[in-house]
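Comments concern the structure below.
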Amino acid sequence: KVEPNTITFSTLISACEKGGESKKALELLSTTAKSEVELNIITFNAAISACEKGGDSENALQLFSTLVQNRLAPSTITFSAAISACEKAGGWKQALQLFGEMAKHKVESDLITYNAAISACEKDGQWKGALHLFAMMEQSDVELGVITFNASISAYEKGGEWERALQLLSSMGQRKVESDTVPFNAAISACEKGGEWEKALQLFSLMAHSKLQVDHITFSAAIRACAKCGE
């Protein structure tokens with residue numbers, strides 16, 4: 001009789017994670033814990049990633065606590081999955097707390113980790129948190145990407161910081177980061193909320209000149225900006 005081992009369970013849980021079956025992944029993890037099979041960081045990472053994909057931040061954080069209690073060393077993948085779970089559930093405070101624990105565990109942050117933490121701040125309009133993380137990225141060796149800029153500009157937009165949104169949008173061009181519709185929409189919305197209708201229309205024109213695709217969000221923000229000035 002062939003007995004399942006750590007590799008067997010890790011493979012099965014990874015399959016559940018890729019299929020978005022978080023409940024089955026947790027059931028398998030529970031079965032593993034009850035057996036004499038030793039749990040490792042790969043097993044936990046797969047289970048946390050399954051929770052992340054299912055938007056189950058509660059179980060993701062519980063698994064994180066369990067692996068630490070079991071004296072397993074969390075990796076960048078572990079933190080990225082847990083922070084992403086918090087981001088999807090709107091838990092920006094938990095996301096930032098986890099991000100802060102990375103230094104304690106001597107784990108380096110990567111692009112995915114930073115983006116997840118910034119996106120968590122963006123969803124709740126916590127632009128100061130996004131600004132702090134963005135500044136940390138600039139001081140690190142992690143390369144800023146389009147998702148980083150998109151989330152940061154959106155955070156400024158939700159926080160009513162139109163000037164910062166425009167500065168960051170301009171910075172994308174200076175850093176030769178390819179832009180798309182998302183950051184322009186956020187910047188136009190930020191200008192609209194700040195009553196800067198002229199700047200909103202300038203951005204709209206720049207999008208057309210740059211041959212970027214405009215969508216209903218672009219038009220809606222531009223129209224609202226014009227409505228505020230009576231144009």
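The values are calculated or read from the model by the stated rules, or taken from the named source; none is laboratory data. Since this is a predicted model, take the numbers as computed values, not measurements. Heads up, the Cβs are rebuilt from the backbone with ideal geometry, glycines too, and the neighbour counts pull from every protein chain shown. For accessibility, only protein heavy atoms count, side chains too; no ligands or nucleic acids. Shrake-Rupley method; radii C 1.70, N 1.55, O 1.52, S 1.80 Å.
Some values worked out for this structure:
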{"read-out": "Kirkwood Rh, angstrom, region 19-119 [1 / mean 1/r, Cα pairs]", "value": "13.4 Å"}
{"read-out": "Estimated dipole of region 104-231 in Debye, rounded to 20 [Cβ of Lys and Arg +1, of Asp and Glu -1, Cα centre]", "value": "180 debye"}
{"read-out": "Gyration tensor verdict on region 157-210 (Cα atoms; rounded if a/c is under 1.5, prolate if a/b is larger than b/c, oblate otherwise)", "value": "oblate"}
{"read-out": "Förster-model FRET efficiency, 22 Å R0, Thr11 and Glu108, C-beta, rounded to 0.05", "value": "0.25"}
{"read-out": "Per-peptide average of other Cβ atoms within 10 Å, ordering 113-124, 26-37 highest first", "value": "113-124, 26-37"}
{"read-out": "Loop sites in region 202-231: trypsin sites (Lys or Arg not before Pro), DSSP, at most 10 other Cβ within 10 Å", "value": "Lys211"}
{"read-out": "Accessible carbon and sulfur surface of the chain relative to its total accessible area, %, 1.4 Å", "value": "51 percent"}
{"read-out": "Solvent-accessible surface ranking, highest first, for His216, His105, His132 at 1.4 angstrom", "value": "His216, His132, His105"}
{"read-out": "Straight-distance crosslink candidates among aspartates and glutamates, where the alpha carbon sits under 17 Å from Lys128 and sequence neighbours closer than 8 are dropped", "value": "Glu87, Glu138, Glu157, Glu161, Glu163"}
{"read-out": "Relative contact order computed over the chain (Cα-Cα under 8 Å; 6+ residues apart), in percent", "value": "11 percent"}
{"read-out": "Value of [θ]222 nm, deg cm²/dmol, for the chain, DSSP H segments ≥ 4, -39500 (n - 2.57) each, nearest 500", "value": "-23500 deg cm²/dmol"}
{"read-out": "Order by protection proxy (mean Cβ within 10 Å, highest first), peptides 85-93, 146-154", "value": "146-154, 85-93"}
{"read-out": "Förster radius 45 Å - calculated FRET efficiency between Glu178 and Ala33, Cβ distance, rounded to 0.05", "value": "0.50"}
{"read-out": "Dimensionless Rg/Rh of the chain - Kirkwood Rh, Rg from C-alpha atoms", "value": "1.10"}
